[in-house]
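Presented below is the structure to which this report refers.
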Ligand SMILES: C[S@@+](CC[C@H](N)C(=O)[O-])C[C@H]1O[C@@H](n2cnc3c(N)ncnc32)[C@H](O)[C@@H]1O
């Protein structure tokens, strides 16, 4: 497949992401946001190739656990060499033996995450949006894969909608793990982020109350309302307000953003509004249709089908 030049139009690609990722150039994206399907299960895992291999030479390069930015990532056909080395292999082995259901999920995700790391610019940031059932396993593996010092935040997106369990605390949050490519170089501008109301505005000066406060790592935000203007009809659509914060903080105008589990295209919609460039990938024809409608008013977006 020919390389995608990142000086062209914004792109929406209809393809299995693992097919298209090798064609995207190294270090091209300042932000990669991923919202993979939860519980991908055996059917998805079987379709993907389990091809992460760490050979002894690379293993010794990354054995200190310094991870991102220090090891090497080769992405030749059929073989990906992990950049975090032997330590990652050991942790991965232990964890995946412990829970073979997660093993299937990670088999699907891992080769895609290796590409995400390769595609991130030196000042780039990965936002990995996870379910509470997967988040803790993924955190341990990502610490070993990216390097623990590249872990920036665990964002909790809390919402309050739908049925409430009676036999346990109702689970009303998602987890977003945030990793940077290089802890000394990543871009983060909190002053660019929408502020939110103080919980107790009476405790701060009227000026501060008027300005609002910086969001923390816990984001209270309603889900996409089934009757609201934002709704596209795509079942797993994420709110613009959630994506906007990530894009505002972790990119500058003109930077490229990648979402290769694009769904309804929320990441691209936010990027376009904020003057960022984007590449979106989804394998589902319904997602592509939803994005065609969503981006109909935005000029210069190219729809590409996998060869
Ligand atoms: C949770 S949804 C993403 C929702 C999206 N964040 C939004 O706001 O609409 C996950 C998406 O990943 C897509 N997907 C799953 N496996 C894929 C693959 N191998 N390649 C490309 N897309 C895939 C699904 O079709 C689905 O649209």
task = Would you check which residues across region 241-253 are touching a strand residue (DSSP E or B) at 6+ places or on another chain (Cβ under 6 Å), away from the ligand (no atom under 14 Å from the Cβ) and either in a helix (DSSP H, G or I) or more than 13 Å from residue 276 (Cα to Cα) (or both) and list them?
result = 250
task = Would you confirm whether any residue within region 159-174 is touching a helix residue (DSSP H, G or I) at 6+ places or on another chain (Cβ under 9 Å), farther than 15 Å from residue 33 by Cβ and modelled with pLDDT of 95 or more?
result = no
request  = Test residue 238 against the stated conditions and say whether it is free of Cβ contacts under 8 Å to residues at least 12 places away in the same chain and within 15 Å of the ligand (Cβ to nearest atom).
outcome  = no
query = Could you list, in sequence order, the residues of region 196-221 that are surrounded by fewer than 13 Cβ atoms within 10 Å (Cβ to Cβ) and part of a loop (DSSP other than H, G, I, E, B)?
reply = 197, 199, 200, 205, 214, 216, 217
task = Search region 254-288 for residues being part of a helix (DSSP H, G or I) and touching a residue at least 40 places away in the same chain (Cβ under 8 Å), and hand back the single one that is farthest from the ligand (Cβ to nearest atom).
result = 272
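Only one residue in 94, 35 is out of contact with any helix residue (DSSP H, G or I) (no Cβ under 7 Å at 6 or more places or on another chain), loosely packed, with under 14 Cβ neighbours inside 10 Å and at pLDDT 85 or above, so which one is that?
So the residue among 94, 35 that is out of contact with any helix residue (DSSP H, G or I) (no Cβ under 7 Å at 6 or more places or on another chain), loosely packed, with under 14 Cβ neighbours inside 10 Å and at pLDDT 85 or above is 94.
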request  = Residue by residue through region 139-150, note down the ones that are out of contact with any helix residue (DSSP H, G or I) (no Cβ under 7 Å at 6 or more places or on another chain) and either surrounded by fewer than 22 Cβ atoms within 10 Å (Cβ to Cβ) or over 15 Å from residue 102 (Cβ atoms) (or both).
outcome  = 139, 143, 147, 148, 149, 150
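Taking the criterion of being within 24 Å of residue 100 (Cβ to Cβ) and surrounded by 16 or more Cβ atoms within 10 Å (Cβ to Cβ), would at least one residue in region 177-184 satisfy it?
First, pick out the residues of region 177-184 that are within 24 Å of residue 100 (Cβ to Cβ): 177.
The next check asks that each one be surrounded by 16 or more Cβ atoms within 10 Å (Cβ to Cβ); those that pass are 177.
The answer is yes; a qualifying residue exists.
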message = Just to be sure before I move on: is residue 228 touching a helix residue (DSSP H, G or I) at 6+ places or on another chain (Cβ under 8 Å), within 16 Å of the ligand (Cβ to nearest atom) and farther than 30 Å from residue 28 by Cβ in the structure I sent?
response = no
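The values are calculated or read from the model by the stated rules, or taken from the named source; none is laboratory data. Fair warning: this is a prediction, and the values are worked out from it, not measured in the lab. Neighbour counts are summed over all protein chains in view; Cβ atoms, including those assigned to glycine, are modelled from backbone coordinates with ideal geometry.
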